[in-house]
Amino acid sequence: QVRLVESGGGLVQAGGSLRLSCAASGRTFSTSTMGWFRQAPGKDREFVAAIGWTTRYAESVKGRFTVSRDNAKNTVYLQMNSLKPEDTAVYFCAARNSGLVVVGTGDYDYWGQGTQVTVSS
(Lines give C-alpha, C1' and ligand atoms only; values in the text may rest on other atoms or scores of the structure.)
Protein backbone atom coordinates (compact mmCIF):
# COMPACT_ATOMS: atom_id res chain seq x y z
CA GLN A 1 0.00 0.00 0.00
CA VAL A 2 1.20 3.51 -0.77
CA ARG A 3 2.43 5.58 2.15
CA LEU A 4 2.57 9.36 1.95
CA VAL A 5 4.48 11.61 4.36
CA GLU A 6 4.23 15.40 4.27
CA SER A 7 6.84 17.78 5.61
CA GLY A 8 7.77 21.45 5.46
CA GLY A 9 4.90 23.06 7.32
CA GLY A 10 5.41 25.75 9.90
CA LEU A 11 4.65 29.27 11.03
CA VAL A 12 5.24 32.11 8.61
CA GLN A 13 4.21 35.75 8.35
CA ALA A 14 1.89 36.98 5.64
CA GLY A 15 3.78 37.48 2.40
CA GLY A 16 6.27 34.78 3.22
CA SER A 17 6.93 31.44 1.57
CA LEU A 18 7.02 27.77 2.44
CA ARG A 19 7.73 24.65 0.45
CA LEU A 20 5.89 21.49 1.35
CA SER A 21 7.15 18.06 0.38
CA CYS A 22 5.31 14.77 0.10
CA ALA A 23 7.36 11.61 -0.13
CA ALA A 24 5.66 8.49 -1.46
CA SER A 25 6.74 4.95 -0.70
CA GLY A 26 5.37 1.56 -1.59
CA ARG A 27 3.93 0.68 -4.95
CA THR A 28 3.47 3.59 -7.29
CA PHE A 29 2.01 3.88 -10.76
CA SER A 30 3.36 5.75 -13.74
CA THR A 31 -0.06 7.24 -14.42
CA SER A 32 -0.59 8.47 -10.88
CA THR A 33 -1.72 11.91 -9.82
CA MET A 34 -0.34 13.59 -6.72
CA GLY A 35 -2.53 16.22 -5.14
CA TRP A 36 -2.57 18.72 -2.32
CA PHE A 37 -5.59 19.48 -0.16
CA ARG A 38 -6.05 21.62 2.91
CA GLN A 39 -8.46 21.77 5.79
CA ALA A 40 -8.98 24.72 8.11
CA PRO A 41 -10.74 24.36 11.48
CA GLY A 42 -14.48 23.98 11.03
CA LYS A 43 -14.23 23.69 7.26
CA ASP A 44 -14.31 20.87 4.74
CA ARG A 45 -11.18 19.60 3.13
CA GLU A 46 -10.62 21.50 -0.10
CA PHE A 47 -8.56 21.00 -3.22
CA VAL A 48 -5.41 23.09 -3.60
CA ALA A 49 -3.32 21.72 -6.46
CA ALA A 50 -2.45 18.51 -8.27
CA ILE A 51 -0.08 17.18 -10.88
CA GLY A 52 -0.64 14.22 -13.17
CA TRP A 53 -0.86 14.37 -16.93
CA THR A 54 -1.54 18.07 -16.35
CA THR A 55 -1.42 20.49 -13.44
CA ARG A 56 -4.41 22.14 -11.85
CA TYR A 57 -4.84 24.78 -9.15
CA ALA A 58 -7.63 26.14 -7.06
CA GLU A 59 -8.47 29.69 -8.06
CA SER A 60 -7.61 30.90 -4.57
CA VAL A 61 -3.96 29.86 -4.96
CA LYS A 62 -3.34 30.19 -8.68
CA GLY A 63 -0.37 32.44 -9.36
CA ARG A 64 0.95 32.01 -5.83
CA PHE A 65 1.42 28.24 -5.46
CA THR A 66 3.33 25.87 -7.73
CA VAL A 67 3.09 22.09 -7.68
CA SER A 68 5.94 20.00 -9.04
CA ARG A 69 7.29 16.48 -8.76
CA ASP A 70 10.56 14.62 -8.81
CA ASN A 71 9.76 11.20 -10.21
CA ALA A 72 13.18 9.77 -9.33
CA LYS A 73 12.54 10.58 -5.67
CA ASN A 74 8.81 9.79 -5.72
CA THR A 75 8.24 13.20 -4.20
CA VAL A 76 5.81 15.99 -4.94
CA TYR A 77 6.29 19.58 -3.82
CA LEU A 78 4.07 22.55 -3.19
CA GLN A 79 5.87 25.87 -3.35
CA MET A 80 3.75 28.46 -1.58
CA ASN A 81 4.56 32.13 -2.09
CA SER A 82 2.81 35.32 -1.02
CA LEU A 83 1.09 33.47 1.78
CA LYS A 84 -2.06 34.91 3.30
CA PRO A 85 -3.70 34.27 6.67
CA GLU A 86 -6.53 32.48 4.88
CA ASP A 87 -3.99 29.89 3.73
CA THR A 88 -3.74 28.68 7.32
CA ALA A 89 -4.74 25.02 7.40
CA VAL A 90 -3.51 21.49 7.70
CA TYR A 91 -2.16 20.52 4.31
CA PHE A 92 -2.52 16.95 3.09
CA CYS A 93 -0.99 15.22 0.13
CA ALA A 94 -2.93 12.56 -1.70
CA ALA A 95 -2.36 10.08 -4.49
CA ARG A 96 -4.62 8.69 -7.17
CA ASN A 97 -4.02 5.67 -9.37
CA SER A 98 -4.64 7.61 -12.55
CA GLY A 99 -2.94 10.46 -14.33
CA LEU A 100 -6.27 12.18 -14.85
CA VAL A 101 -6.28 15.19 -12.55
CA VAL A 102 -9.47 15.61 -10.51
CA VAL A 103 -10.33 17.84 -7.58
CA GLY A 104 -12.62 15.74 -5.40
CA THR A 105 -11.36 14.27 -2.14
CA GLY A 106 -13.27 11.07 -2.87
CA ASP A 107 -11.31 10.53 -6.07
CA TYR A 108 -7.99 9.98 -4.30
CA ASP A 109 -6.89 6.61 -2.99
CA TYR A 110 -4.14 7.41 -0.48
CA TRP A 111 -3.62 10.20 2.03
CA GLY A 112 -0.84 11.51 4.19
CA GLN A 113 -1.26 12.59 7.80
CA GLY A 114 -0.99 16.29 7.11
CA THR A 115 1.33 19.14 8.02
CA GLN A 116 0.28 22.37 9.70
CA VAL A 117 0.74 25.68 7.90
CA THR A 118 0.03 28.81 9.93
CA VAL A 119 0.21 32.27 8.39
CA SER A 120 0.18 35.23 10.74
CA SER A 121 -0.65 38.84 9.93
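Just one of the numbered conditions (1) of a type outside the set (Gly, Ala, Ser); (2) buried (at least 19 other Cβ atoms within 10 Å of the Cβ); (3) touching a Gly at 6+ places or on another chain (Cβ under 6 Å) is not true of ARG19: (2).
Please go through region 76-121 and give me each residue that is within 18 Å of ARG19 (Cα to Cα) and small (Gly, Ala, Ser), ordered by number. Within region 76-121, SER82, ALA89, ALA94, GLY112, GLY114, SER120 meet the criteria. Mind checking which residues of region 102-117 are crowded, with 16+ Cβ neighbours inside 10 Å and assigned to a strand (DSSP E or B)? TYR110, TRP111, THR115, VAL117 - these are the residues of region 102-117 that are crowded, with 16+ Cβ neighbours inside 10 Å and assigned to a strand (DSSP E or B). The set of residues in region 59-69 that are over 11 Å from the mean Cα position of the chain (by Cα) and open to solvent by less than 50 Å² (accessible area, probe 1.4 Å) comprises VAL61, ARG64.
Looking at region 25-46, is at least one residue open to solvent by 80 Å² or more (accessible area, probe 1.4 Å) and closer than 16 Å to GLY8 by Cα? Within region 25-46, none of the residues are open to solvent by 80 Å² or more (accessible area, probe 1.4 Å) and closer than 16 Å to GLY8 by Cα. For the residues SER82, SER25, SER7, SER32, the requirement of being free of Cβ contacts under 8 Å to residues at least 60 places away in the same chain and hydroxyl-bearing (Ser, Thr, Tyr) singles out SER25.
Could you check, for region 86-101, whether at least one of its residues is of a type in the set (A, V, I, L, M), closer than 15 Å to GLY114 by Cα and surrounded by fewer than 17 Cβ atoms within 10 Å (Cβ to Cβ)?
Filtering region 86-101 down to residues of a type in the set (A, V, I, L, M) leaves 89-90, 94-95, 100-101.
Subset that is closer than 15 Å to GLY114 by Cα: 89-90, 94-95.
Now restrict to residues that are surrounded by fewer than 17 Cβ atoms within 10 Å (Cβ to Cβ): none.
So far as region 86-101 goes, no, none of its residues is of a type in the set (A, V, I, L, M), closer than 15 Å to GLY114 by Cα and surrounded by fewer than 17 Cβ atoms within 10 Å (Cβ to Cβ).
Restricting attention to region 87-113 and to residues that are in contact with a strand residue (DSSP E or B) (Cβ under 9 Å, 6 or more places away or on another chain) and small (Gly, Ala, Ser), the residue that is nearest to GLY10 (Cα to Cα) turns out to be ALA89. Screening TRP53 against (1) touching a strand residue (DSSP E or B) at 6+ places or on another chain (Cβ under 6 Å); (2) open to solvent by 20 Å² or more (accessible area, probe 1.4 Å); (3) in contact (Cβ under 8 Å) with a residue 24 or more places away in the chain; (4) among the aromatic types (Phe, Trp, Tyr) leaves a single unmet condition, (1).
Applying the criterion of being assigned to a strand (DSSP E or B) and open to solvent by less than 70 Å² (accessible area, probe 1.4 Å) to the residues of region 1-16, the residue that is farthest from ALA50 (Cα to Cα) is VAL12.
The values are calculated or read from the model by the stated rules, or taken from the named source; none is laboratory data. Not measured: the values here are computed from a predicted model. Counting neighbours? That spans all protein chains shown, and the Cβs are built from the backbone with ideal geometry, glycine included. Side chains are part of the model used for accessible areas, which takes the heavy atoms of the whole protein and leaves out ligands, DNA and RNA. Shrake-Rupley method; radii C 1.70, N 1.55, O 1.52, S 1.80 Å.
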